[in-house]
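Since the structure comes first, as C-alpha cells, the remarks are kept for the end.
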Amino acid sequence: MDAITDSDLLASFLLYQKELQQFLTHKVNCAETAADLIQETYLRIARYSADGEIVNQRAFVFRIADNLALDHLRSRARHEQRDGGLVEEDLVCSQPQPDSMLEGQQQMELFEKLIYELPPQCRKVFLSCRVEGKRYSEIAAELGISARTVESHMYKALKHLKDRIDFL
C-alpha cells in the first residue's frame with residue numbers, strides 16, 4: 001500500500017466536509033460550534049505529518065472530528081458544572097416574593113392594630129422608644145414623667161403585644 005500524503009488527507013477532508021458538518025452538528029447540537037470544530041479538524045489534518053500508514057482516510061478524518069467534539073462536550077460540561085451554582089445565585093431575585101410581601105404587610109397591619117389598642121400614654125412611650133429610638137430619659141423629659149414610669153409603660157406595652165400575638 002502506498003503512503004498517504006498530506007494532500008491526500010486534505011482531499012479526503014474536503015470530500016467528507018459536508019458529511020462531517022452534519023455529524024458534528026448532531027453530536028454537539030449546535031451548527032456554529034460544529035463549524036468551529038470543522039475548522040479545527042482541518043487545521044489538525046493540515047498539521048498532521050503522514051509518517052505512518054492510514055488505511056481508512058474517512059475513518060481517520062471522522063476520528064479527529066469526533067475527538068474534538070468529545071473534548072468540546074467535556075469542556076462545556078465542566079464549565080456548566082463549575083459555573084452552574086453562580087448562575088443560579090445570580091438569578092435569585094433579591095426582592096421578596098409576593099406571598100411573603102403580603103404576609104409581611106398583614107403582620108404589620110396586625111402589629112399596628114395591637115399598638116393602637118394600647119392606652120395613649122403607653123402607646124406614645126412605646127413608639128418613642130421603639131420607632132424613634134429615644135432613650136428612656138429623653139422620653140421621660142418630653143412627657144414630664146419619671147424614667148421609672150417610662151420603663152413601666154414599656155413593660156406594659158411589650159407584655160400586651162406579646163400576650164396578644166401569642167393569643168392569635
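The values are calculated or read from the model by the stated rules, or taken from the named source; none is laboratory data. Since we're looking at a predicted model, the values are computed, not measured. Reconstructed Cβ throughout: ideal geometry from the backbone, glycine too, with neighbour counts over all protein chains shown. What goes into the accessible areas is simple: the full protein's heavy atoms, side chains included, and nothing from ligands, DNA or RNA. Shrake-Rupley method; radii C 1.70, N 1.55, O 1.52, S 1.80 Å.
Couple of notes before you dig in:
- Any pair with Cβ under 9 angstrom, 6 or more apart, that starts in segment 129-149 at a residue that is free of Cβ contacts under 8 Å to residues at least 40 places away in the same chain and surrounded by 14 or more Cβ atoms within 10 Å (Cβ to Cβ) and ends at one that is aliphatic (A, V, I, L, M) and part of a loop (DSSP other than H, G, I, E, B): I139/I145
- Applying the set (1) at pLDDT 90 or above; (2) exposed (fewer than 12 other Cβ atoms within 10 Å of the Cβ) to D36 leaves exactly one unmet item: (2).
- Meets criteria (assigned to a helix (DSSP H, G or I), at pLDDT 90 or above, open to solvent by less than 90 Å² (accessible area, probe 1.4 Å) and not small (G, A, S)) for L20: yes
- Search result, residues across segment 108-128 that are open to solvent by less than 90 Å² (accessible area, probe 1.4 Å) and within 23 Å of F167 (Cβ to Cβ): L110, F111, L114, I115, E117, L118, P119, C122, R123, V125, F126, L127
- When residues in segment 60-102 are screened for being open to solvent by 50 Å² or more (accessible area, probe 1.4 Å), modelled with pLDDT of 80 or more and of a type in the set (G, A, S), 3 of them pass.
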